[in-house]
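The block underneath contains the structure these notes are about, expressed in structure tokens.
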Amino acid sequence: MCWMCDRPGATERDYLAHMRQLVRTYGWAVQGVEREGIHPPWAYTVGLTAHRRPELVITGMGLTRATGVLNAVAGHLLHADVPPPGTQVALTDGPLVEIVTVEAPWAHLNVAVEIYGRRLQSLQLVHADKHGRWPWDREYQGVRGGQPVLGSREPPARRIRVG
């Protein structure tokens, strides 16, 4: 169930106040978007912009797992350099991801845009399937509906491990 569904009479303004409070308390929050028909679930951070970091997005991953991955990477990102697009990262206890710049974050990160405006930046954590294949590979086996990639892929820059 969604936050507003659990609170009859709550408004979008109430929800934004709730998200702002989460950001104040924890440094960022994760906004999940449930699967809808053929469209896969996805999630993104709200609050990294306040730390002069890009917001993070994951598509095509269940919300519980996506939240864990986003929280781990966001926590690391607060104390590290932002990896350039094309960087492949082997996450400890997580998937292999490749960094892709989100070309139109204002079109996808609605809550972050409401709080920070349309000028925010975002990186997508594109994840490989269990066989190490990417959504741009013909043999990729992701979730139902696939894994939409929200930007253009850069040539692989480097591989790093994040814990």
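The values are calculated or read from the model by the stated rules, or taken from the named source; none is laboratory data. A quick note: this is a predicted structure, and the numbers were derived from the prediction, not measured. All Cβ positions, even for glycine, are placed from backbone atoms using ideal geometry, and neighbour counts span all protein chains on display.
Listed by first and then second residue, the pairs with beta-carbon distance under 8 Å, at least 6 apart or on different chains, first residue in the range 14-25 and more than 13 Å from A50 (Cβ to Cβ), second surrounded by fewer than 16 Cβ atoms within 10 Å (Cβ to Cβ) and hydrophobic (A, V, I, L, M, F, W, C), are D14/M4; Y15/W3; Y15/M4; H18/W3. Residues satisfying the criterion are absent from the range 56-72 (criterion: crowded, with 18+ Cβ neighbours inside 10 Å, modelled with pLDDT under 95 and touching a Ser or Thr at 6+ places or on another chain (Cβ under 7 Å)).
Within the range 91-124, being in a strand (DSSP E or B) and within 18 Å of L150 (Cα to Cα) holds for L96, V97, E98, I99, V100, T101, S122, L123, Q124.
For the range 89-136, taking the residues that are among the hydroxyl-bearing types (S, T, Y) and surrounded by 14 or more Cβ atoms within 10 Å (Cβ to Cβ), the one that is farthest from the chain's Cα centre (by Cα) is identified as Y116. Looking across the range 1-53, just one residue is under 14 Å from L120 (Cβ atoms) and touching a Pro at 6+ places or on another chain (Cβ under 8 Å), and that is L48. Residues in the range 38-55 that are crowded, with 23+ Cβ neighbours inside 10 Å and at pLDDT below 95: 1 in all. The set of residues in the range 1-33 being surrounded by 12 or more Cβ atoms within 10 Å (Cβ to Cβ) and among the charged types (D, E, K, R) consists of R7, D14, R20.
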